[in-house]
1. Let me know the shape class of chain A, please: from the alpha-carbon gyration tensor, a ≥ b ≥ c as square roots of the eigenvalues, rounded when a/c is under 1.5, otherwise prolate if a/b is greater than b/c, or oblate.
2. Which of B:Lys5/B:Lys93; A:Lys62/B:Lys76; A:Lys62/B:Lys93 have a Cα-Cα distance over 24 Å?
3. Excluding ligands, DNA and RNA, what is the solvent-accessible area per residue of the protein assembly as shown at a probe of 1.4 Å, expressed in Å²?
4. At a 1.4 Å probe, which residues in the range B:40-56 are at least 50 Å² less accessible with all protein chains present than in their chain isolated?
5. Which angle from 0 to 90°, rounded to the nearest 10, does the C-alpha axis of helix B:5-22 make with the longest principal axis of chain B?
6. For chain B, which whole percent of the accessible surface, found with a 1.4 angstrom probe, sits on carbon and sulfur atoms?
7. List the aspartates and glutamates whose Cα sits under 13 Å from the Cα of A:Lys158, skipping any in the same chain fewer than 8 residues away.
8. As an exercise, identify the chymotrypsin sites (Phe, Trp or Tyr not before Pro) in the range A:297-402 lying in DSSP coil whose Cβ has no more than 14 other Cβ atoms within 10 Å.
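The values are calculated or read from the model by the stated rules, or taken from the named source; none is laboratory data. Everything numeric here is computed off the predicted structure, so don't read it as measured data. Cβ: placed from backbone, ideal geometry, glycine included. Neighbour counts: every protein chain shown. To get the accessible areas, we keep the full protein, side chains included, count just its heavy atoms, and leave off ligands, DNA and RNA. Shrake-Rupley method; radii C 1.70, N 1.55, O 1.52, S 1.80 Å.
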Amino acid sequence: MPDPDQPVSIEEQIDQWRSYLRRRQAIHAVDVAELEDHLREQVAGLVKAGLATDEAFLVAVKRMGNLDALSREFAREHSDRLWKQLVLVSPDSGELPAPGRADTLVAFCLAVAAAVAIKVPSLFGRQLDEHRPDDIDFYARNLSLFVLPLLTGYFIWKRRLGTSTLRWLAVAFIAAGVVANIYPFASRGYTVALTALHLPIGLWLIVGVAYAGGRWREVAGRMDFIRFSGELFIYYVLIALGGGVLTAFVAMIFRAIGINVGPFIGSWLLPCGAAGAVVVASWLVEAKQSVIENMAPVLTRLFTPLFAALLTIFLGTLLWTGRPIDIQRDLLIAFDLLLAVVIGLLLYSASARDPRLPPDAFDVLQVALVVSALLADAVALWAIAGRIGEFGFSPNRVAALGENIILLVNLAWSAVLYIRFLRGRGQFTGLERWQTSYLPVYALWAAIVVIVFPPAFRYV
Amino acid sequence: MEINKDLIAASSTSLVLAILAEGDSYGYAIIQRVRELSGGQLEWTDGMLYPVLHRLERLGYVMARWDVAENGRRRKYYRITSEGGAQLTEERKQWQAVDATLRGIWRALSTAIPNNNGESAAPLPEGV
């Protein structure tokens, strides 16, 4: 028992010691409690033997042993603890079991709902079948409308959004559904393909508004959404890989007993799994947020130098050999993808960077990457500009050109802001603000492609 | 006299199991019992006992439970299991064999060299 004369002092000292111990990854909260009990017993014993409380504390801490050595011993016994584990509901603390479990239940129900939703059209005779082009078109146009409203619903539930926000989100989804389904698209045409591609991009912003809750107007809120999107993508790819393995096994073992499950896989397992996995992956990203290191920034660290080297070598080769750029149909799309990847690298390294730190070598590399991408794209645009008239303005080409200009503007201004930051003339937060404020531009362009393009190009 | 760390580590399992065989106990009391038994010669670094206890728990030699101590605080108590008892019997046999061997050589030496302290400080491999 602590000395009644100095109750505050000893408690404070123990608090400090405890918080110091808690920072050790190998020593868990239960162990700290066990060690604390030991320390208190030791102090009480020494006080009884005639020591002053603070002396007793010092002796007790000394006897406990060097903390580095101690945490090394704990790490040797509990080596698994050095891996950040995916613990969804912590067994030790038991602090937040109720919301965690409710969250799991809601996410699971919504995932099932998404899996069911994708099969609802088959009740009305719509089949995912390569011999029925109209049905394929229908699914392509509406794919995001089966899944994203449910995902949005998850965040509405989780962030407890008010009815006014709810109304706007509902209006956006209904409007998207109407536009995607009332236009008289030509079967398997260009404009229906563009709609299928751009509708999810536009609706992703709606998901973002729900994700950010009331924080969409803040830079930090939108940045969190960017982080979420990157992690979701990585999780989705991982789940898809696992799903692929599962599917292969299903096909294999049923073939062993002479049953062909191909139709079942094609029309049930694949579409339902892919739809449900979006919600499951989102829930996982939310649940593990603080438990596992974010992957997207790690990947950008790895690939930024490689992409910078690739682009520099490309530009060098272009200059050295003087070869003209061979203008092909897909050239613009290829460069759009390149710019999108570069922006992704920029975004995700920015999302993990502490904005207060001064510039370092990686920032220089980042600028080199952005500038080389800008130069490469400028060369490509220059080559195309002269001959765009010959090709004519098909919907695909106009969309690709618009995207190229949007990405180019983003990257050019990012380069300016980044160089200012490197030269000590600006803050890193300026770049963050620019990137997060630019998000609506992508959605706006996607909306234009979905709403204006089909009538403008006569639904070809 | 300071006892070599390797010796402390080697004897820790047997000591802890034997003390728990006397009755259920907890960390601080185990340390006190070790001090008492060794007359203060076996100085354990207190914290190091816990990884040992956790290892024994993982191996199934002891069982742990949280309980409320007489002072009202939560405390983790350890109890020896039947497997732990079997392990203790096994270790006891081994220690007795080591002890018997050493006793034999001590007896032989004590007639030849009466008391040589310098010899016992020969460089032994230090444990980390």
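1. The shape class here is prolate.
2. Violating the 24 Å limit, Cα to Cα: A:Lys62/B:Lys93.
3. Result: 56 Å² per residue.
4. Listed by number, the residues meeting the 50 Å² cut-off are B:Asp46, B:Met48, B:Tyr50, B:Pro51, B:His54.
5. For B:5-22 against chain B, the angle is about 50 degrees.
6. 56
7. By straight Cα distance, A:Lys158 reaches A:Asp103, A:Glu286.
8. When the chymotrypsin sites (Phe, Trp or Tyr not before Pro) of the range A:297-402 are filtered for loop state and at most 14 Cβ neighbours within 10 Å, A:Phe393 remain.
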